[in-house]
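One structure is given here, and the rest of the page talks about it.
No value in this document is a laboratory result; all are computed from the given coordinates. What you see is a predicted model; the values in this text were computed from it and never measured. As a convention, Cβ positions derive from the backbone with ideal geometry for all residues, glycine included, and neighbour counts pool all protein chains shown.
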C-alpha cells in the first residue's frame, strides 16, 4: 500500500513533463483509513487533513474539473466515492466519475463555447490525481486508467500513521528538499519532451506503481468475466446468511459466493504466470506491520 502512494506523491512534481494519464484509486470499506492515507500524501503540498482535501465526489463535475486544473504539478485528492442507495444519484455519481477519469486519461477537459460561440480556454488536469472510495467506478475502459490499491486496515501500522499526522510539517519540508534536489535535473529531463524518452517515462510510471502495489498491470482489478464488485464481495464476507441465500440475492453461482466468503481480500489475484517479487518485504514499507 505504501510504496505506490509514496511513489505517486513524489512523481507529482514532474507532471508537467510526464503528463500522467492515470489516477491512483484507493479502495476499501469505511474505517479503513484510506482518506487519512490520501491526506498524508496531500500534506506534502500544504496543510491538509481528511476534512480539507482538494476534491470530493459530492462536488459537481465542473467544480472538480476546475480544481484539477488549478492543482498543478502536485497531488490532487478526490475523496469519498461511496455507493448511493438512490439509483438516480448513483447513476449521476458514476457518470461524474467516468467523465473525470476519462479526462485524466486523455489529459483534456470538456470543450465549451461562450455565448458568442467562441471556444473557451481548455482546463485539463495538471497534477497527479489520487481518489478514494468504497467501490470502483464501472467500466473496463475507466478501470484501465486506474492504479488500484486495496486498503486493508489490519496491515497498517497505526503508530506510524499517528506519528506522521503529528509531524505533518516535516512532509512539506521533505517535498521541498526533493524539489530543490530535482531542480538542476529539470532541463535534462525536459530535453526528451518530444522524443521516445518521455513516452517511455509516461508508460513506466503507472506500470511501476502497479508493480509496487503487488499486481500486474491490467484493466482494473476485476477480471473480464467478474460478476462481483469490491462492495458486493465485502458484503458477502461480512454476511451471516447462508451461501444459497446470498447467491439468490445477488444472482451469483453458490460456488462464487463460497469462494469470496473464504477469501480475506476483495481483490482478484493477478492473471497469468506468477512473477517473483524481488523488492522489499512489507516490513520495509514504513506503513505496514512486519509480516508474521
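Worth pointing out:
- Those helices (runs of 4 or more DSSP H) of segment 3-75 in which 3 or more residues are touching a residue at least 40 places away in the same chain (Cβ under 8 Å), touching a helix residue (DSSP H, G or I) at 6+ places or on another chain (Cβ under 8 Å) and buried (at least 18 other Cβ atoms within 10 Å of the Cβ) occupy 34-42.
- Residue check, residue 108 touching a strand residue (DSSP E or B) at 6+ places or on another chain (Cβ under 7 Å) and surrounded by 13 or more Cβ atoms within 10 Å (Cβ to Cβ): no
- Verdict on residue 229 being under 27 Å from the mean Cα position of the chain (by Cα), loosely packed, with under 14 Cβ neighbours inside 10 Å, within 27 Å of residue 139 (Cβ to Cβ) and touching a residue at least 40 places away in the same chain (Cβ under 8 Å): no
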